1. I'd like the projected area of the stretch 220-371, averaged over all directions, using the convex hull of its alpha carbons. Report it in nm² with one decimal.
2. Under 5 Å between amide hydrogens, which residues at least 5 positions from Leu223 or on another chain qualify, with H placed 1.01 Å from N in the peptide plane?
3. Ranking request for peptides 87-93, 360-366: highest mean number of other beta-carbon atoms within 10 Å first, then the rest in descending order.
4. Let me cross-check Lys71: its accessible surface, 1.4 Å probe, with only protein heavy atoms counted, in Å² to the nearest 10?
5. Taking the convex hull of the Cα atoms, report for the chain its projected area averaged over all directions, in nm².
6. Taking only Cα atoms, what is the 0 to 90° angle, nearest 10, from helix 300-311's long axis to the longest principal axis of the chain?
7. With springs only between Cα atoms under 10 Å apart, run a GNM on the chain and tell me which of Ala215, Ala171, Ala204 wobbles the most.
8. Quickly work out the Asp90-to-Leu242 label distance, labels modelled 7 Å from Cα along the C-beta direction, and quote it in nm with one decimal.
Amino acid sequence: MTAPLTGRPVISASGLFTPPESITNEELVASFNAFVDQHNAANPDAEALAYSSVEFIEKASGIKARHVMSKAAILDPDTMCPRLPERGNDEISVMAEIGVIAAREALARAGRKPEDVDAVLCAASNMQRPYPAMAIEIQQALGIEGFGFDMNVACSSATFGIQTAADYIRAGNAKSVLVVSPEITSGHLNWRDRDSHFIFGDVATAVLVEDAAIAPAQHWEILGTKLKTVFSNNIRNNFGFLNRAHPDSAGSADKLFVQEGRKVFKEVVPMVAQMILEEADRLGLDPVALRRLWLHQANAGMNRLIAQRVLGHEASEDESPTVLDTYGNTSSAGSIIAFHKHSADLGAGDTGLICSFGAGYSAGTVFVRKVA
Ligand code: COA
């Protein structure tokens, strides 16, 4: 650890926590349709709610199952949301707990001790509470000195976190930064909404961004990072501390995830494809030569189109791996899960792209090259 710092950021390792419980489309649709039957029987004069279907979900999204933190409550037609027992202030909170598991794996893979880490960013689309920051709780649970703070850029949180961490390295303000993304998205999903009840799943990821001087022999050089935001109401969640006092609005559907899925699809695909191509050009990289794309996992069709525009041909599973089928949309964690599970086979010199996009709109790219 005595080598002088280089100011060049790398990804030293990643980590993943996958909740043991998982819900298949069949289980999800059976529960949703039981709710529809109950609702229609209890409201004979209202417009009848329609059934969901396994075939639609798989065809429209590519999702076959999703991991969750609280399966029984989500599938109970009388509850249909996660029920995680409240914990005392002297116990670790759920988000911190799963973030710590992912972070420990990243640290172990990098051969890094907590005391060598300078900062923790908790980058996720929902925080369990406003303060104290989740990142500081994770920092304390791991035994890290230095500082931590939370960042929320919806589905792009992890790539925004990686650029922020990389900037600390570039500026010489830190040599080792953990970016942790615990995504308990089942809590913001409206499980009673037919258009979106199948979308999300729970997970936690961690990425260790470090100065090249201290990185383990096997690491990923960060060639460049780029962020973009353009305001849109097409993915929105109005939950917040200012509306808890309004009994007429608390619990209404707009206090959970809502989207205009078709518009999102149509507007985000060209925005992200163009951003990737411009950034590749800026970095002097041939997009066609990219060995692998680890794309945000929201919709298989979106990923197919984006990969095609970047690579110039229909991407194979090897070129653009999907984890959407078993994880669902895990918000900011999706591209990191894909990277974590599908990067070990690449060789030294291979170049790839971690890319996320989502509400805001927001998008982030992290071009990487494998070293050793
Ligand atoms: N089961 C069966 N049918 C359903 C259904 C369900 N659960 N949900 C919707 N449908 C029906 C609709 O009623 C509609 O029927 P109609 O044509 O007779 O009116 C039809 O399926 C198409 O609905 P639509 O909502 O237009 O579907 P879609 O093909 O656009 O797919 C999404 C929906 C959400 C999967 C898709 O738009 C998408 O993935 N968009 C991008 C989402 C995204 O990335 N969001 C970011 C989140 S971070």
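The values are calculated or read from the model by the stated rules, or taken from the named source; none is laboratory data. Fair warning: this is a prediction, and the values are worked out from it, not measured in the lab. Note that each Cβ is placed from the backbone with ideal geometry, even for glycine, and that neighbours are counted across all protein chains shown. To get the accessible areas, we keep the full protein, side chains included, count just its heavy atoms, and leave off ligands, DNA and RNA. Shrake-Rupley method; radii C 1.70, N 1.55, O 1.52, S 1.80 Å.
1. 9.8
2. Phe367, Val368, Arg369
3. Ranked by mean Cβ neighbours within 10 Å, highest first: 360-366, 87-93.
4. 50
5. Over all viewing directions, the chain projects a mean Cα-hull area of 18.6 nm².
6. Compared with the principal axis, the helix lies near 30 degrees.
7. In the Gaussian network model the winner is Ala171.
8. Spacing of the two 7 Å Cα→Cβ label points: 3.8 nm.
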